[in-house]
Amino acid sequence: MIPKIDLYRAIGSSLRAGVLLACLLCAIGLLFWAAAGYPVPTLISASNIVTVFQLAVTANFTGIIYLGILVLIATPVFRVIVSAIGFSIEKDRQYLIISLAVLGMLLLGIFSGSVAYMS
């Protein structure tokens with residue numbers, strides 16, 4: 001038997017966790033920037049996720065701030081994924097289809113925007 005979940009609580013928790021994590025990462029990046037004496041930030045493309053992770057892992061303040069921004073952008077996408085999983089568990093096909101359509105539009109917008117930017 002599948003345990004009953006409170007879908008709205010799961011959605012709210014996922015949104016709170018994403019925003020708090022993004023704020024924490026940005027705050028840490030800003031603290032590192034201040035501790036380094038406010039040097040000129042490294043300009044990178046936010047759509048190059050590998051570079052963002054590499055810079056964040058090496059404690060580069062620019063990479064940490066960009067990672068926080070990427071987490072903030074990913075939070076609504078994660079919320080739609082949580083909704084789709086919840087509707088799937090509840091066997092609510094109508095809202096599952098709507099959630100998957102919204103997820104598809106979000107991903108299309110994110111990936112088509114990053115491809116157009118890199119051209």
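By how many nm would the segment from S112 to Y95 grow when fully extended, if each residue of separation counts as 0.36 nm and the alpha-carbon distance is taken off?
Details: separation 17, 0.36 × 17 = 6.12 nm, distance 2.52 nm.
Extra length from S112 to Y95 when fully extended: 3.6 nm.
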Subject >> Kyte-Doolittle at least 1.6, axis length at least 20 Å by Cα - qualifying DSSP helices, the chain >> reply: 7-35, 61-89
Original post:
Relative contact order of region 14-69: what whole-number percent is it, with Cα pairs under 8 angstrom and at least 6 residues apart?
Top reply: 46
Subject >> Difference of contour (0.36 nm per residue) and Cα-Cα distance, A35 to V50 >> reply: 2.9 nm
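Taking only C-alpha pairs under 8 Å that are 6+ residues apart, what is the relative contact order of the chain in percent?
Values: 107 pairs, mean separation 33.4, N = 119.
About 28 percent, as a whole number.
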**OP:** Please work out which option in (i) 9.0; (ii) 8.1; (iii) 9.5 gives mean projected area of the Cα convex hull in nm² calculated from these coordinates, and answer with its label.
**Re:** (i)
Subject >> Paramagnetic reach from V102 (point 7 Å along Cα→Cβ, amide N under 11 Å) across region 54-82 >> reply: 76-82
Original post:
Could you give the length gained on full extension between C23 and I73, defined as 0.36 nm per residue of separation minus the Cα-Cα distance, in nm?
Top reply: 16.8 nm
Subject >> Residue exposure sequence - V19, V102, V52 - by fewest surrounding Cβ within 10 Å >> reply: V19, V102, V52
**OP:** Sort 81-94, 31-44, 58-71 for me by packing, meaning the mean count of neighbouring Cβ atoms within 10 Å per residue, highest on top.
**Re:** 58-71, 81-94, 31-44
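Throughout, read-outs are computed from the coordinates displayed, never taken from laboratory work. A quick note: this is a predicted structure, and the numbers were derived from the prediction, not measured. Cβ: placed from backbone, ideal geometry, glycine included. Neighbour counts: every protein chain shown.
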